[in-house]
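The values are calculated or read from the model by the stated rules, or taken from the named source; none is laboratory data. Since this is a predicted model, take the numbers as computed values, not measurements. Reconstructed Cβ throughout: ideal geometry from the backbone, glycine too, with neighbour counts over all protein chains shown. To get the accessible areas, we keep the full protein, side chains included, count just its heavy atoms, and leave off ligands, DNA and RNA. Shrake-Rupley method; radii C 1.70, N 1.55, O 1.52, S 1.80 Å.
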Amino acid sequence: MSQQKSVLLIIGGGIAAYKSLELIRLLSKGGVKTRAILTEAGSQFVTPLSVSALTGEKVFGDLFSLTDEAEMGHIELSRSADLVVVAPATADLMAKMANGHANDLASTTLMATDTEVLIAPAMNVRMWDHPATQRNLATLKQDGVRVVGPDEGDMACGEFGPGRLSEPAVIADQIFSYFTQKAGPLAGKSFLVTAGPTHEPIDPVRYIANRSSGKQGYAIAAELSKLGADVTLISGPTRLDAPAGVTRVEVESATDMLLATERALPVDGAVFAAAVADWRVANQADQKIKKQSGGDLPDLALAENPDILATISNHAEKRPSLVVGFAAETQTVIENAQKKLAKKACDWIVANDVSPETGTFGGDQNRVHLISKTGVEDWPLQSKADVAKNLAQRIADHFGE
Ligand code: PMT
């Protein structure tokens, strides 16, 4: 790491709080400076003195301390670090974060920060599995909070399952990789990537979808992030975990995806790998459509979805300087893709054959053609990870020119 990085560590109240001491030690060994906030509950498990001895800094704990506010106000504290880490993140801290509470120094700092946040949850397995915690987790992920763990195993309370704080070395590694990611050729550049299918509701329980797994788009998001870019991944429903270091926004329909994409602007570059449904159901039912006894079929009317790629390519104020589309074709792949390049006004288009025998949709390999206004490059059949790596490198070269 070129210049010393710093972490603001918020230590929540849980039996795993003692592991935060080891985390501070590992961070310090790796050249990362730590400043800590010890919650009131956290101070039942570790003492301010031990935290301060390891950080070499004053430990903050009380929102209403006039001395603390005079030395460093909570707003300043919230922005004093390159990354905010919550470890252990208890069920209570996660609930506060997800619901925007600000009634102590830890929650106020988390509300006031404009720095990225990584949480390492730790709690009893039943608390972890509770729908409220899972709801809060989903909200936090949607808000762009990074999550490490929890691990599965024997717990201090005698139960077994997910809920154990990740090992300090694993949390430290995530922190180091976050900092090193931000140092590649795309450091300082921001990207949005769309991935996965969209689900277009018919009624509350049924939808129209397609076979996209999200693998290609997720791999591109991961590779751009590895090259240092700040990446927002706008994802339709998939089974994939968010790549490390990437902010994922989960959406369902094409309309949601367009909104999330517009919200992610401005960015330097955008890659549209999602398989967006071209149509949605115009007469979407509020209640589950009943099967008719006489065999009558429901009357589904389709409406055209907005074209996200074309909308962003033609954006008057916030067009990214590089817009890369994909073209999923089953015949005359290159010609059709070239037409899409012109029609959708993007800079490059990555054409792939999605005929069922290619296994492109859902599979792990892809044969693509990179098409720009100046020519066509045929890439060999390779893993989607390698397509992503090569495409990310081309993007980095483009920005480096
Ligand atoms: O997800 P995987 O299983 O890994 O599969 C990868 C993939 C085959 C989905 C991917 O490689 C791919 O080809 N993605 C684009 C799929 C697609 O919808 O292609 P299209 O030719 O219909 O659309 C052309 C471009 O317009 C695409 O960039 C698409 O994201 C975009 N589009 C399309 C319709 C729409 N309403 N809005 C859009 O933004």
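Details
- Between R367 and A187, the modelled label-to-label distance comes to 4.0 nm, taking each label 7 Å out from Cα in the direction of the beta carbon.
- HN-Hα J in Hz across region 385-400 - Karplus 6.51, -1.76, 1.60, θ = phi - 60°, x for Gly and Pro: 4, 6, 4, 4, 4, 5, 5, 4, 5, 4, 5, 4, 4, 4, 6, x
- 5 angstrom amide H check on T194, placed H, neighbours 5+ away: I234, V271, F272, A273, A274
- In order along region 347-363, the Karplus-derived 3J(HN,Hα) couplings, from 6.51 cos²θ - 1.76 cosθ + 1.60 at θ = phi - 60°, round to 8, 10, 9, 9, 8, 9, 7, 10, 4, x, 5, 7, x, 4, 5, x, x Hz, and Gly and Pro are given as x.
- Overall shape: rounded for region 5-181, with the ratio a/c of the largest to smallest alpha carbon gyration tensor axis below 1.5.
- Database remark: amide H of I119 closer than 5 angstrom to the amide H of V86, R146, V147, V148 (H placed geometrically; neighbours at sequence offset of 5 or more, or on other chains; Pro and chain starts carry no H).
- When R319, R239 are compared by accessible surface with a 1.4 Å probe, the order from highest to lowest is R239, R319.
- DSSP-defined beta bridges in the chain - what % are antiparallel, rounded to 5: 30 percent
- Order by protection proxy (mean Cβ within 10 Å, highest first), peptides 370-381, 143-154: 143-154, 370-381
- Amide H contacts of S355: none lie under 5 Å away among residues 5 or more positions distant or on a separate chain (H built 1.01 Å from N in the peptide plane; Pro and chain starts excluded).
- Over 24 Å (Cα to Cα) - which of K19/K189; K5/K318; K182/K389; K226/K373; K5/K58 fall in this group: K19/K189; K5/K318; K226/K373
- Basic side chains Lys and Arg get +1 at the Cβ, acidic Asp and Glu get -1 at the Cβ, and with that the dipole of the chain about its Cα centre reaches some 380 debye.
- Counted over region 188-300 with a bin width of 5 Å, the fraction of Cα pairs per bin, in whole percents, is 2, 12, 21, 19, 15, 10, 7, 6, 4, 2, 1, 0, 0.
- Computed from backbone phi with θ = phi - 60° and the Karplus coefficients 6.51, -1.76 and 1.60, the 3J(HN,Hα) list for region 26-42 is 5, 5, 5, 4, x, x, 9, 8, 10, 10, 10, 10, 10, 5, 4, 5, x Hz; x is used for glycine and proline.
- Helix-derived mean residue ellipticity, 222 nm - over the chain, DSSP H n ≥ 4, -39500 (n - 2.57), to 500: -10000 deg cm²/dmol
- Applying both filters, DSSP loop and at most 12 other Cβ atoms within 10 Å, to the GluC sites (Glu not before Pro) of region 171-253 eliminates every site.
- Degrees between helix 168-181 axis and first principal axis of the chain (Cα, 0 to 90, nearest 10): 50 degrees
- Whether the chain is rounded, prolate or oblate, judged on the alpha carbon gyration tensor where a/c under 1.5 counts as rounded: prolate
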